[in-house]
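Comments concern the structure below.
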Amino acid sequence: MNNKQILPEPYRAKMVEAIRLLPPAQRRKRLEEAGFNTFLLRSEDVYIDLLTDSGTNAMTDVQWAALMRGDEAYAGSRSFEALEAAVRDVYGFPFIVPTHQGRGAEHLLSRSWIKPGQHVPGNMYFTTTRLHQELAGGVFDDVIVDQAHQPDSTHPFKGDIDLDKLKALVQRLGQDKIAYAAVAAPVNMAGGQPISLGNLKAVSDFCRSKGIRVVLDAARAVENAWFIREREDGYADWTLGEILREMCSLVDACTMSAKKDAYVNIGGFLATHDRGLYEEAMNLCVVYEGLHTYGGLAGRDLEALAVGVREMVEGTWMDHRISQVRYLAARIEDAGAPFVVPVGGHAVFLDARRFLPHLPQEALPAQALSAWLYEECGVRTMERGTVSAGRDDQGRDRRPALELVRLTLPRRVYTQSHLDYVAAGVGRLYARRGSLPGLKFVYEPKRLRFFQSRFCPLPAAAATGANSDHPKASAY
Ligand SMILES: *Cc1c(COP(=O)(O)O)cnc(C)c1O
């Protein structure tokens, strides 16, 4: 794949949505009103929205047509049967519980399989996943390879689990203290880094030998399958669907945010080979999501999702998507700005530590960079650093090795000229990076603080030594 060129879009536009760029002074005002948190900006005030690829997908005409077929029956909806059949065919799991989105599935799983005090080893954390594990009384342990924490390591599978770390943990705690192993494919927080099939197989073999269950976070598993096909010996001739099914055959269950791979705007599911988990999750679904044949979704959402699940492994959707991400990275590289390598499948992650080396971690370099990028060019991005990492059980700020700003590409939404515009904005900001101040908290909510915290700029000269006991809603 030539990174300087985007594969021609495997689609044409049938409907468009107007966007507008506010003048610079208004962008500054909007940023202040939003407490320098891009999550608190109004969509109307954003020109190009790279906050997330979650639920921001453009659906196909076939998905739109399927919406009209939604069976809105409370119980036994035909649309659920369509979803169930699609997940069975594409992922290979026999048992499916629909949920309103990925965290709904994480909730059902965590409540079903974690006993208080049990540990959940995983390849780096994801925000909602870890919180649901903790709320169920679990303790998360990061067992990813060290290279995942190094933004310039070119390891091809930085999402791999370090088997020695996993074995040592099981040895230390005993297998009864392990609820299950949580494997994300790819690892969002590390920059969209894939896990190899060889590693997943080794993890699965080890866990099975110890009677430990394995759960896949499948939000972007098709992207992961694409990287396996590109990079891992022996899979060049496999289809994405074949690789995906192979991945799913190695685990006991998956949680799925369909707002990612499956090209819908809302939806998710828990899918499993395990009848016991299925029955427990189905029962909890009734309490927290809705009846087990709709899980918080409208029948039409289930229909669009059923089509999306089948389409996502077909054609050249994924080739095009990854060529877009690589193109954006190449343009940003031309501008000289630092980002995480290898580039993953859903986003380019700017390395805020290297972008703003004059800011110490307490000055929240990634949060600041995402704010200043909006001010510069009206492009919205997301912090993945100290703010996202939150506090530990002692109430202390976690200090992640990675301070990243994610430029996430919604699926089938933006064009090459949009990406050129984004890269030019990043380049201009990089050229004046030395003058960019850090931020400090002025408000911090108790949970998943990155969504709702508010900040204010530090004085440019006093960027160092920002205080770390910022105001909190209450102790964590
Ligand atoms: C988005 C995401 C989730 C959570 O899914 P939601 O649909 O946002 O609730 C879990 N894991 C990963 C890797 C994700 O990207």
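Readers should treat all values here as calculations from the given coordinates under stated rules, not as data from a laboratory. From a predicted model like this one, the values you see are computed outputs, not experimental measurements. Neighbour counts run over all protein chains shown; Cβ positions are idealised from the backbone, glycine included.
Some observations on this one:
- Estimated at 0.36 nm per residue, the fully extended path between GLU32 and LYS177 surpasses their Cα-Cα distance by 47.5 nm.
- Binned Cα-Cα distances of segment 1-119, short to long, each 5 Å bin given as a whole percent: 2, 7, 9, 12, 14, 13, 14, 14, 9, 6, 1
- Computed about its Cα centre, the charge dipole of the chain is approximately 1120 debye, with only Lys, Arg, Asp and Glu carrying charge at their Cβ.
- Gap separating the Cα centres of segment 1-73 and segment 283-297, nearest whole Å: 29
- At q = 0.16 Å⁻¹, base-10 log of I(q)/I(0) for segment 310-460 (Debye sum, equal scatterers on each alpha carbon): -0.87
- Whichever aspartates and glutamates have a C-alpha closer than 20 Å to that of LYS210, once near sequence neighbours (fewer than 8 apart) are set aside: ASP141, ASP142, ASP160, ASP162, ASP164, ASP176, ASP252, ASP274
- Spacing of the modelled spin labels on ALA424 and ARG20, each 7 Å from Cα toward Cβ, amounts to 2.1 nm.
- Length gained when the stretch MET1-SER417 is fully extended (0.36 nm per residue, less Cα-Cα span): 147.8 nm
- Using alpha carbons only, the radius of gyration of segment 210-268 set against its Kirkwood radius gives Rg/Rh = 1.02.
- Only aspartates and glutamates eight or more places from LYS4 in sequence, or on another chain, were considered; those with a Cα closer than 13 Å are GLU333, ASP334, ASP420.
- Long-range tail of P(r) for segment 86-229 (Cα pairs > 28 Å, %): 13
- Over the C-alpha trace of segment 243-288, radius of gyration and Dmax come out as 12.1, 35 angstrom.
- Nitroxide proxy distance, nm - points 7 Å out along Cα→Cβ at VAL442 and ARG42: 1.9
- Across the chain, Cα pairs under 8 Å and at least six residues apart give a relative contact order of 23 percent.
- Cβ-derived FRET efficiency at R0 35 Å, HIS273 paired with ARG398, nearest 0.05: 0.55
- Put simply, segment 386-438 fits an ellipsoid with semi-axes of 30, 18, 6 Å; these come from the alpha carbon gyration tensor as the roots of five times its eigenvalues, largest first.
- With a threshold of 29 Å on the Cα-Cα distance, the over-threshold entries among LYS201/LYS259; LYS165/LYS440; LYS260/LYS440 are LYS165/LYS440; LYS260/LYS440.
- Each of SER79, SER417 was scored by other Cβ atoms within 10 Å of its Cβ. Arranged with the fewest first, they read SER417, SER79.
- Distance from segment 103-123 to segment 162-213 (C-alpha centre basis), Å: 14
- Unit Cα scatterers, Debye sum, segment 61-311: log10 I(q)/I(0) for q = 0.13, 0.17, 0.18 Å⁻¹: -0.76, -1.26, -1.38
- Segment 270-335: Cα Rg divided by the 2.2 N^0.38 Å rule of thumb: 1.73
- Space enclosed by the convex hull of the alpha-carbon atoms of the chain, per residue, Å³: 138
- Working from label points 7 Å from Cα in the Cα-to-Cβ sense, the LYS201 to ASP146 distance is 2.7 nm.
- Convex hull projection area averaged over all views, segment 208-322, Cα basis, nm²: 8.2
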